[in-house]
Structure formats: structure tokens, C-alpha cells
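Note sheet for the following structure.
The values are calculated or read from the model by the stated rules, or taken from the named source; none is laboratory data. Just so it is clear, the model here is predicted, and its values are computed rather than measured. Virtual Cβ from ideal backbone geometry, glycine too; neighbours counted across all protein chains shown. Areas reflect the complete protein model, heavy atoms only, side chains present, ligands, DNA and RNA absent. Shrake-Rupley method; radii C 1.70, N 1.55, O 1.52, S 1.80 Å.
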Amino acid sequence: MISHPHQDHYGLLEELPGDWPVYCGAATETLMRLTGRIFGAELTHEFRTWRSGEPTNIGSFRVTPLLTDHSAFDAHMLLIEVEGKRILYSGDFRTHGRKAALVQRLMADPPKGLDVLLMEGTNLGSDKPCMTEADLEADYVALMKATKGRVFVAWSAQNLDRTVTLYRASLRTGRTLVIDLYTAEVLESLASYGRLPQPDWSSIKVVITKGLARHYKRRGMDDFVSRMATNGISAKALATQHDKWVVMVRPSLIRDFEPAGVLPIADDVWSYGMWRGYLLQEDGQRLQAWFDAGGAAAKHLHTSGHASSKDLRDFANAMKARTMVPIHGVAWDSEREGFPHITRLTDGEPFAI
Ligand SMILES: [Zn+2]
Ligand SMILES: [Zn+2]
């Protein structure tokens, strides 16, 4: 069972026996397959998709997925019932994204009689920024208004909450959001799962870059590239009318931006919309150097995809489980205070309920 399409939750899927079925949401399957194709690794298992709130029987287990708020699209908590026992797996979640109401509702009316809460704790003990996406949108609006030139933003194409935030901020400031072909593919393939910005909307342009266009053509997706080109622009267009654009940026795009004359200047700003730790790694450093060379200022705006330490405590207490078992996070030993009863297990240690 895959709670959501982040690679730290399914990256070893192909290691499983080939005849094991995989359960997840339909959009999760779509995104996992899309990621697999981009990396040239097709997923080979049979998928069975679930719907939020509808129980699925898997052997003697009854599993009810509950859609939740996370930076990954289509993320679920799982209520697992077997032999009269009830387990809730929190999955990765937060309470400050665009689906926060789902978690708040669950906290107000938790599943009755939980025996165990299996709990993710990515942000426990960290002080990552956890403002709401709505507040982040307001900050982006202010940044876009205050900037004379282009606003370049590095963010994950599969962080749909962020794409919505940037789209809305662009719209509110009369700018056009420029996405790459990959982001366009993500949006188009999720069109049936919710009201998400689409590549053919008027305040969005798809930049047709040589590298990505070649990639899609090699995969026999010439049709996709031509379809995107109908609402597309060439990288060259980004070298004119600077105050019009909010431009997605990543290291692989720089290769195609430069020959088209798209180089940062002092009027531009850039914003890193991913975890700060990545900024210190090679890709982040390449971006930093590119913008530094042109004198474009860094105005990093971001909010975490995971719940804050406080929100984790509030959630754990609200679930009123007999005990909780932490399964992810590095601070569970030093940050126990404020949590209900914790059962700490080492890797592989069985636990009888
Ligand atoms: Zn995640
Ligand atoms: Zn995770």
C-alpha cells in the first residue's frame, strides 16, 4: 500500500515480488508511472486503486484510505482494521496546506478506539517554515509586485499546492506563469483529479525547450510536444518583456535558457521553493551561481510539505490511540515530550497488539 507518490515511500517498489499487487490512489499511480518514465524505469506491478473513504479488503485486513494534506498530490492516511483491532497510519501530512481542512476534520472527529497510531515525524525537532500556502501566496504577490524584472522560481513539478500558489499569485499580479514541458505533463495528466491549472489556460505558458522537447520526442510523444506548443513560447520570449514573467527554473533548463539569451540580471529575483537543505547540494549551488553571476537577488519563499513539531503533537494527542509507534523521523528519542504514550521499536522488531 503506497500512501502517496513520494519516492521515499515507493522507491524500492521494484524490489518486491512481481506478483504482489500494489494499492494506492489513482492519481498516485499516474504520478508514479510518470516519474518512472522520466527516469526510464517503467513500473511493472499490477495496481489496484482505492478511493478516499471507501474501505478495501485485503485478505483479512480492511483498509480505509483517508485523503490528507501534504506536499504530494493524492496523499492518504490509512485506517487499518483486523481482528477487532484498529490502526491508523498517519502517512506524511501537514495542517497548513490547501487541504488542511481534511486533517482538521479528522482531528475533531478521530476514528474511535484506535489501538495504534503509526506516526510519521519528518519535521520533528526541526524549525522548518510552516506558514500556510495562502500566506505564502500573499508573500509571492508582494514579491511579484516589488520586482521590476522576472521572478524565477525553482519548485517541484509534482508539488501541486505550490503550482496553484504560484499560478494564483501570477494571476493576481497580472503576470504569466511559465512552466516547462514536464510540469505541463504533470498538470495535464492530473486534469481529471481536481481543478488544477492547465497548460492551455491563458495565464500559463509552456516554454518549449530543446532538451525536454527532444526527451519527449524520443519517447514517441511528438503529439504532446505539438499540443503544448499551441500554448507554448520559445525560451527567447523570456528575454523580452521581463515584467510579464514568473519563470520556472531548474539546472537542466539553464542549458536551453542561455543560448536563447535568457540570463539573469539585477532587475530579476529568484526564489527557491524547496527544502533549504537541497539548496546546499549540487543542483541548488548551480542555480545559486547562475543567479549570482547576473546579480539577481535571492528571495527564498517556501513552506514545508510536512507538519511542524507542534502540529505533530496536536495530531497525535487528538487521535487518542492506546499507543503510538513512530516510523520515520530522526528526533523521536529527544522530542518525546508532549506526545501521548509512545512505543519505540527498532527496525524489524515485531509488536503484538
Ligand atoms: Zn511525502
Ligand atoms: Zn516521507
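Looking only at residues that are in contact (Cβ under 8 Å) with a residue 24 or more places away in the chain and assigned to a loop (DSSP other than H, G, I, E, B) in the range 1-18, which one is nearest to ligand 1 (Cβ to nearest atom)? Taking the candidates together, the pick is His6. For first residues located in the range 185-206 and within 18 Å of Arg98 (Cβ to Cβ), partners that are outside any loop (DSSP other than H, G, I, E, B) and open to solvent by 50 Å² or more (accessible area, probe 1.4 Å) and lie 6+ apart or on another chain with Cβ distances below 8 Å form the pairs Gln198/Glu188. Return the pair list, or none, for Cβ contacts closer than 9 Å from residues in the range 337-353 that are under 21 Å from Arg313 (Cα atoms) to residues that are open to solvent by 80 Å² or more (accessible area, probe 1.4 Å) and aromatic (Phe, Trp, Tyr), at least 6 apart or on different chains. Hits for this filter: Thr343/Phe351; Leu345/Phe351. Counting only strands (runs of 3 or more DSSP E) that fall entirely inside the range 74-143 and contain at least 2 residues that are crowded, with 20+ Cβ neighbours inside 10 Å and away from ligand 1 (no atom under 16 Å from the Cβ), the qualifying elements are 85-89, 116-120. Filtered by the rule that a residue be within 11 Å of ligand 1 (Cβ to nearest atom), open to solvent by 10 Å² or more (accessible area, probe 1.4 Å) and hydrophobic (A, V, I, L, M, F, W, C), the range 49-73 gives a lone residue, Phe73. Could you grab me the full set of residues in the range 245-286 that are within 14 Å of Ala154 (Cα to Cα), assigned to a loop (DSSP other than H, G, I, E, B) and of a type in the set (Val, Ile, Thr)? Once the filter is applied, which keeps residues that are within 14 Å of Ala154 (Cα to Cα), assigned to a loop (DSSP other than H, G, I, E, B) and of a type in the set (Val, Ile, Thr), the range 245-286 yields only Val249. On the stretch given as the range 23-58, residues that are part of a strand (DSSP E or B) and farther than 23 Å from Asn159 by Cβ total 5.
Is there a residue being under 30 Å from Ala296 (Cα atoms), without any contact (Cβ under 8 Å) to a residue 12 or more places away in the chain and open to solvent by 10 Å² or more (accessible area, probe 1.4 Å) anywhere in the range 153-161? No.
Filter the range 1-22 down to residues that are over 18 Å from Thr64 (Cα atoms) and small (Gly, Ala, Ser) and give me whichever is farthest from ligand 2 (Cβ to nearest atom). Among residues in the range 1-22 that are over 18 Å from Thr64 (Cα atoms) and small (Gly, Ala, Ser), the one farthest from ligand 2 (Cβ to nearest atom) is Gly18.
Does the range 131-152 include one or more residues that are within 16 Å of ligand 2 (Cβ to nearest atom) and in contact (Cβ under 8 Å) with a residue 12 or more places away in the chain? No, that holds for no residue. Of the residues making up the range 272-302, those that are within 16 Å of ligand 2 (Cβ to nearest atom) and either of a type outside the set (Phe, Trp, Tyr) or in contact with an Asp or Glu (Cβ under 7 Å, 6 or more places away or on another chain) (or both) are Met274, Gly277.
The residue of the range 202-233 that is most open to solvent (accessible area, probe 1.4 Å), among those that are in a loop (DSSP other than H, G, I, E, B) and in contact with a helix residue (DSSP H, G or I) (Cβ under 8 Å, 6 or more places away or on another chain), is Arg219. For beta carbons closer than 9 Å, sequence separation of 6+ or different chains, a first residue in the range 24-39 that is surrounded by fewer than 17 Cβ atoms within 10 Å (Cβ to Cβ) and a second that is among the β-branched types (Val, Ile, Thr), the qualifying pairs are Ala26/Thr49.
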